[in-house]
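As structure tokens, the structure follows; a few thoughts come after it.
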Amino acid sequence: MNSAQPYAPDAGSPRCFRLAVTGGGTGGHTYPALTAIRALQTRLTASGRTLEVLWIGTEEGLEARVAPAEGIPFTAVATGKIRRSGNPLKMASPANVRDMARVPLGVAQARKAIAGFVPDVVLATGGYVAVPAGLAARLCRRPLVLHEQTVRLGLANRKLAGSATRIAVSSESTIPLLPEEARRIAVVTGNPVRPEVLSGHADKAVEALGLWGFDRQLPTVYITGGAQGSQQINEVAGEVLPWLLGHANVIHQCGPTNVDALRQHAAALPADLAARYYLTGFVGPELPDVLALADVVISRSGAGTLAELTALGKAAVFIPLASSAGNEQAHNARHLHDAGAAVALLGEVTGTTLRNAVGPLLMEPASRAGIAQRARAYGKPDAADRLVDVLLSAVSG
Ligand SMILES: CC(=O)N[C@H]1[C@@H](OP(=O)(O)OP(=O)(O)OC[C@H]2O[C@@H](n3ccc(=O)[nH]c3=O)[C@H](O)[C@@H]2O)O[C@H](CO)[C@@H](O)[C@@H]1O
């Protein structure tokens, strides 16, 4: 693993702790698992123990790239998209039937992997693959810890709650939403954030991205639509861009497939404004530095992004993805909005609504600082450590 301590399997030794991890698909499920693995390894190393990890994921998910890149043994199993629908006709659609048929195959594959690995504990962080692997953990009688990133339990975690030893949740407000029996095994840990995200440097962002035209007397706005970018955010940001650049520097992460079209749009900007505009498809390793430079963030409200922005204490305007599972992005954003810890745009979003939301944050530093401070109160930078406590207690308990 590319963490402080080298990954050093020591299988068979009583000093060796074995962790099976399952979860992934998107960054929101993959990065918390990775962060927990790194934190567990640090904890075990400090007490003279070693860690052996097996990640059970899918071929197609982000985890299939992340785990091998970190030197973590990875095994792929079959799984199917579990669609939600109140309509029985839709539930019986050919795609659904095919996907549901893949789940038992995935359970069998995961059961074989878990029976062979004999983990001390299995950590499931959500995503479709967590269902077969979590069920296999139960069949193999291994302790199962679920981690939920969002305020409401995701579908995979709802399916697995009855098999869990502990349920680690990211927010206190999840607890009252849980069924009685799940509440008894729930622990609030927060959503683990990669440590590097918390230690960026604004000056490094300027150097790495060549932001020499930025006016450092002005605030910087970071616009992000998530790893794929967001058409909706790109459009509405495009509408207000000349106004925005009159008051701020702007870094705009628009999604890898949208760069060309937006670059044409940006070509029409006057040179003095264009100098303060940086457009990119995806922000890679420089993400921590970009976040350090940003005074205001305009963003989707996926749980991963939200955990990062609250841990850092950033003033954010959220434009939730309306089609997110169970509308959870709107739920996440509303939760912070109601506490004065963010601004959530929950209805129709136009250039005018965005401008009205961002304007006060740019023009009134005190209002920006207030929101940022309240946001930080929701951050849980020690979430990975708390999740490690839960993993260790699930074994001893
Ligand atoms: C479309 C979808 O299903 N979204 C769900 C998915 O979020 P999804 O994984 O899409 O988004 P999250 O906000 O949870 O995480 C995105 C991650 O990618 C990083 N990033 C993003 C852009 C970029 O250029 N560079 C970069 O590194 C962010 O900093 C963050 O760490 O899982 C989350 C956690 O269950 C849910 O809350 C979301 O609703």
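Every number in this text was worked out from the coordinates using simple rules, so none of it is lab data. Keep in mind it's a predicted model, so treat the numbers as computed, not measured. All Cβ positions, even for glycine, are placed from backbone atoms using ideal geometry, and neighbour counts span all protein chains on display.
If you stretched the chain out fully between Ala366 and Ala322, how much longer would it get, using 0.36 nm times the residue separation minus the C-alpha to C-alpha distance?
12.8 nm
If we sort 108-114, 189-195 on the protection proxy, mean other Cβ atoms within 10 Å, highest first, what's the order?
Taking the mean over residues of other Cβ atoms within 10 Å, the ranking is 189-195, 108-114.
Given Cβ point charges of +1 (Lys, Arg) and -1 (Asp, Glu) and nothing else, what value in debye, to the nearest 20, does the dipole of region 196-377 about its Cα centre take?
Dipole size: approximately 260 debye.
Classify region 143-189 from the C-alpha gyration tensor, please: rounded if a/c falls under 1.5, else prolate or oblate depending on whether a/b exceeds b/c.
rounded
What order do you get for 322-335, 294-307 when each peptide is scored by the mean count of other beta carbon atoms within 10 Å, highest first?
Output ranking for 322-335, 294-307: 294-307, 322-335.
So, counting K/R as plus one and D/E as minus one, what does the shell of residues with Cβ under 13 Å around Leu209 add up to?
Net of charged neighbours comes to -2.
How high is the relative contact order of region 196-377, in percent, with contacts defined as C-alpha pairs under 8 Å that are six or more residues apart?
After rounding, I find 25 percent.
Checking understanding here: applying a Kyte-Doolittle mean of at least 1.0 and a length along the axis of at least 24 Å (C-alpha), which whole DSSP H helices in the chain pass?
none
Calculated from DSSP H runs of 4 or more alone, at -39500 (n - 2.57) each and per residue, what is the 222 nm mean residue ellipticity of the chain, nearest 500?
Calculated from helices alone, the mean residue ellipticity at 222 nm is -13500 deg cm²/dmol.
Using the per-residue mean of other Cβ atoms lying within 10 Å as a proxy for protection, in what order, highest first, do the peptides 350-360, 161-171, 140-150 fall?
140-150, 161-171, 350-360
With the cut-off at 27 Å, tell me which of the pairs Lys204/Lys380; Lys204/Lys314; Lys112/Lys380 have Cα atoms farther apart than that.
From Lys204/Lys380; Lys204/Lys314; Lys112/Lys380, over 27 Å: Lys112/Lys380.
Which value in Å does the Kirkwood hydrodynamic radius of region 250-397 take, with 1/r averaged over all unlike C-alpha pairs and then inverted?
Result for region 250-397 stands at 17.0 Å.
Tell me, how many Å apart are the Cα centres for region 15-45 and for region 277-317?
Each part reduced to its Cα centre gives a spacing of 23 Å.
How high is the relative contact order of the chain, in percent, with contacts defined as C-alpha pairs under 8 Å that are six or more residues apart?
15
Asp338 versus Gln373, label points 7 Å from Cα toward the beta carbon: distance in nm?
Here the answer is 2.4 nm between the modelled labels.
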